[in-house]
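Just below is one structure, and these are the notes that go with it.
The values are calculated or read from the model by the stated rules, or taken from the named source; none is laboratory data. Just so it is clear, the model here is predicted, and its values are computed rather than measured. Positions of Cβ are generated from backbone atoms using ideal geometry, with glycine treated the same way; all protein chains shown enter the neighbour counts.
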Amino acid sequence: MRLRLFVGLVAMGLAAVATPGLSGCSREASATPPARRTPSRAVSFQNEVQPIFSKRCIACHSPGAFEDGTAMGGLVLASGRSHAQLVGYKSLESKLPRVAPGDLEQSYLHHKLRGTFMKVGGIGVKMPLAGEIPEDEILLIEDWILGGAKID
């Protein structure tokens, strides 16, 4: 009787683990909305996107962030340098460019923020390392990419 109960509990546990969403332990991007193809509005890089980088990313992505004087991933998101280091610039972690103007799926930044970077051959961890970027700020960055990733 005990063996049958044990086997039943093990089987239920395996079913929960094998069924996505049932175990509640997955941090997979199941809650990630499908990539949009058009921006919901025009976004100013200088007035809207750069302030997000300055607030949430600069601690690791600035010159001298590390003792050897480098920035994480070689990516500097400091004002005046970030656009040139993002748009059309090949990622060091993926075959994708960091930002492909007009295309979220081909923009590694999108995948790093959404946690889907492994699906596109990337490495590392979801950004930012500390905390989360609010959904409205991620959508803003995505609108900027979809709008052509222009600098103003």
task: Evaluate the following for MET72: is it over 15 Å from GLU142 (Cβ atoms) and modelled with pLDDT of 95 or more?
output: no
task: Tell me which residues, restricted to the stretch 82-91, are surrounded by 14 or more Cβ atoms within 10 Å (Cβ to Cβ), in contact (Cβ under 8 Å) with a residue 12 or more places away in the chain and either out of contact with any Phe, Trp or Tyr (no Cβ under 6 Å at 6 or more places or on another chain) or closer than 13 Å to VAL49 by Cβ (or both).
output: SER82, HIS83, GLN85, LEU86, VAL87
- request: Being in a loop (DSSP other than H, G, I, E, B) and either without any contact (Cβ under 8 Å) to a residue 12 or more places away in the chain or touching a Phe, Trp or Tyr at 6+ places or on another chain (Cβ under 6 Å) (or both) is the filter; apply it to the stretch 111-152 and report the residue that is surrounded by the most Cβ atoms within 10 Å (Cβ to Cβ).
  value: ILE151
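So, in the stretch 23-68, of the ones that are of a type in the set (S, T, N, Q) and crowded, with 17+ Cβ neighbours inside 10 Å, which residue ends up modelled with the highest pLDDT? Quick ask: steps written out before the conclusion?
Here is the first cut: in the stretch 23-68, the ones of a type in the set (S, T, N, Q) are 23, 26, 30, 32, 38, 40, 44, 46-47, 50, 54, 62.
After this cut, where a residue has to be crowded, with 17+ Cβ neighbours inside 10 Å as well, the list is 50, 62.
Working: GLN50: 98, SER62: 92.
This residue is GLN50.
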